[in-house]
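Undergrad: The following block contains the structure, expressed as structure tokens.
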Amino acid sequence: MFFRSSYYPSRFIGIVVDAIDNAAHLLGSTEREIPDGSAEACSTGRFRMADWLVDPPINRISCGERACKLEPKVMEVLVYLAGRPGQVVTRTELEHAVWTGTVVGYDSVTGTIQKLRKVLGDNPRQARIIETVPKRGYRLVATVARDREPTVEKTDARISPAAPLSLIHI
């Protein structure tokens with residue numbers, strides 16, 4: 001069958017190609033290699049990215065006194081990008097990793113990246129954290145490091161330090 005590019009807009013063709021990619025992946029006819037390295041560390045524990053402390057298990061990011069709760073999919077995209085700092089990640093790769101088994105529209109990834117940029121205070125024209133690589137995908141340009149500070153549990157204010165151990169219910 002002959003497809004004329006003037007008849008089928010390029011965005012439509014891109015969506016169809018992505019849908020075919022998604023279907024092929026779901027049927028197991030393609031294999032994806034997901035680099036390990038820092039990806040596992042980012043998904044299971046806290047890490048620092050630029051000035052932000054990212055806490056994936058509770059979908060929370062903070063910078064100084066400012067703290068924000070992220071939607072789960074937004075956090076998953078951030079963790080996926082943080083696991084591959086400096087690497088270009090395609091839209092299809094993000095769709096496979098974050099929206100596994102779900103056919104999503106073009107705007108799902110775009111909207112999620114926009115939400116991340118808004119929360120992080122990042123400008124797409126002068127990216128400090130997430131860079132758009134035209135026609136290829138997105139790249140995390142901020143430095144990523146595992147958080148070395150131990151998690152400090154908040155103590156119950158009702159228990160005084162002088163209370164006998166038998167009165168403290170854990």
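Only the coordinates and a few stated rules stand behind these numbers; no lab work does. Keep in mind it's a predicted model, so treat the numbers as computed, not measured. Cβ coordinates were reconstructed from backbone atoms using ideal geometry, including for glycine residues, and neighbour counts include every protein chain displayed.
Undergrad: Relative contact order, percent, of region 51-97 when contacts are C-alpha pairs under 8 Å separated by at least 6 residues?
TA: Taking the mean separation of contacting Cα pairs over the length of region 51-97, I get 23 percent.
Undergrad: Express in nm, to one decimal, how much length is gained between Lys118 and Ala145 on full extension, taking 0.36 nm for each residue of separation and deducting their alpha carbon distance.
TA: Full-extension gain reported as 7.5 nm.
Undergrad: What FRET efficiency, computed as 1/(1 + (r/R0)^6) with R0 = 30 Å and r the Cβ-Cβ distance, is obtained for Ala67 and Thr132, rounded to the nearest 0.05?
TA: After rounding to 0.05, the efficiency reads 0.70.
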